[in-house]
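Take a look at the structure below.
Read-outs: derived from the displayed coordinates by stated rules, not from any lab. Predicted, not measured: the structure shown is a model, and the values here were computed from it. Every residue, glycine among them, receives a Cβ derived from its backbone with ideal geometry; neighbour counts consider all protein chains shown.
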Amino acid sequence: MDVRGHGASTKFYEPLDYRPTLMAEDAANLLRHLHIRNADVMGYSMGARVAALLAIAHPLLVRSLIIGGMGIGLVNGIGGEREISDALLAASPEGIANEQARGYRTFADRTKSDRRALAASILEQRQPIPAERLTAIKAPTLIPVGTRDMVAGSAHELAALIPGAVAFDIPNRDHMLATGDKAYKAAVLDFLAKRP
């Protein structure tokens, strides 16, 4: 599923159109449209926030949950949203001093993404989830985060807030390189094989 503003989904240019709760409702509506009563739900980074909010708002739709590339930053926030938005809107990537913001711009250019939609999205979609709301997650939960991920924060700290959640350290991977990692994929497959 491409979340709003990304890939083939509709592009919006107002930050409020990217509230994480709205994107979680998009996911719930898609599952209902497809007549899927419950699913193993996996999201990475922004998708992890959407997946967590889906599990909180619609627990019966989520059989198991994988919160990839998002640790305690889910609760404490990540920061840098304005710098990333400005970098996405800059006329040229030359002169973008902030390394993280430059990385987002490079990725957007490489994927030929709608930079204006992404700039609006980043300003709103990183809203922290209060720790007390995470106790509502009842699905078996895996939290894989790269050991070199400076964006996500600690997987172990987040796992401590979700009943029964398990953290997995993706060895020697940062936020951008963890998604294709073999150890990450193996951990997810093992988790899914063992979940009730």
Neighbourhood net charge (12 Å Cβ-Cβ; Lys/Arg +1, Asp/Glu -1) for residue 172:
-1
Diffing the stretch 154-170: the Karplus 3J(HN,Hα) column from phi (6.51, -1.76, 1.60, θ = phi - 60°), in whole Hz with x for Gly and Pro, holds 5, 5, 5, 5, 5, 4, 5, 8, 10, x, x, 5, 10, 8, 9, 8, 7
Any residue on another chain or 5+ positions along whose placed amide H is under 5 Å from the amide H of residue 42 is listed here as 66
Theoretical FRET efficiency, 1/(1+(r/R0)^6), r = Cβ-Cβ of residue 106 and residue 21, R0 41 Å, to 0.05
0.90
With DSSP loop assignment and no more than 10 other C-beta atoms within 10 Å, the GluC sites (Glu not before Pro) in the stretch 86-155 are 94
State, as an integer percentage, the relative contact order of the chain based on alpha-carbon contacts under 8 Å between residues 6 or more apart.
23
Under 5 Å between amide H atoms, partner at least 5 residues away or on a different chain: which partners does residue 146 have, H built in plane at 1.01 Å?
69, 170
With label points built 7 Å along Cα→Cβ from the Cα atoms of residue 37 and residue 182, find their separation and express it in nm.
3.9
Provide, in order from the shortest bin, the percent of all Cα-Cα pairs of the chain in each 5 Å bin, continuing until the bin that contains the maximum pair distance.
1, 8, 16, 20, 20, 17, 11, 5, 2, 0, 0
Between the DSSP loop rule and a limit of at most 16 other Cβ atoms within 10 Å, which trypsin sites (Lys or Arg not before Pro) in the stretch 126-195 are left?
138, 148
Using only the Cα atoms of the stretch 105-174, build the gyration tensor, take square roots of its eigenvalues as a ≥ b ≥ c, and label the shape rounded, prolate or oblate: rounded if a/c is under 1.5, else prolate if a/b is larger than b/c, else oblate.
oblate
For the stretch 38-45, in order, what is each residue's ³J(HN,Hα) by Karplus, 6.51 cos²θ - 1.76 cosθ + 1.60 with θ = phi - 60°, in whole Hz (x at glycine and Pro)?
7, 8, 7, 10, 10, x, 10, 6
Can you compute the charge dipole magnitude of the chain about its Cα centre, using +1 on each Lys and Arg Cβ and -1 on each Asp and Glu Cβ, nothing else charged? Give it in debye, rounded to the nearest 20.
540
For residue 166, other-chain or 5+-apart residues with amide H closer than 5 Å (H placed, Pro excluded) are 141, 142, 143
Restricting to lysines and to Cα separations under 25 Å from residue 11, and discarding same-chain partners fewer than 8 apart, the set is 112
Determine which aspartates and glutamates satisfy two conditions relative to residue 194: a Cα distance under 20 Å, and not lying fewer than 8 residues away in the same chain.
40, 169
Pick out the long, greasy-scoring helices in the chain: whole DSSP H runs spanning 15 Å or more along their own axis by Cα, mean Kyte-Doolittle at least 0.5.
46-57
What does the convex hull of the alpha-carbon atoms of the stretch 23-103 project to on average, in nm²?
6.6
Residue-wise, which Karplus ³J(HN,Hα) couplings in Hz belong to the stretch 129-144, taking 6.51 cos²θ - 1.76 cosθ + 1.60, θ = phi - 60°, and x for glycine or proline?
9, x, 3, 5, 6, 5, 5, 6, 6, 10, 6, x, 10, 10, 10, x
Return the distance in nm (one decimal) between the two label points of a simple spin-label model at residue 8 and residue 89, each offset 7 Å from Cα along Cα→Cβ.
3.0
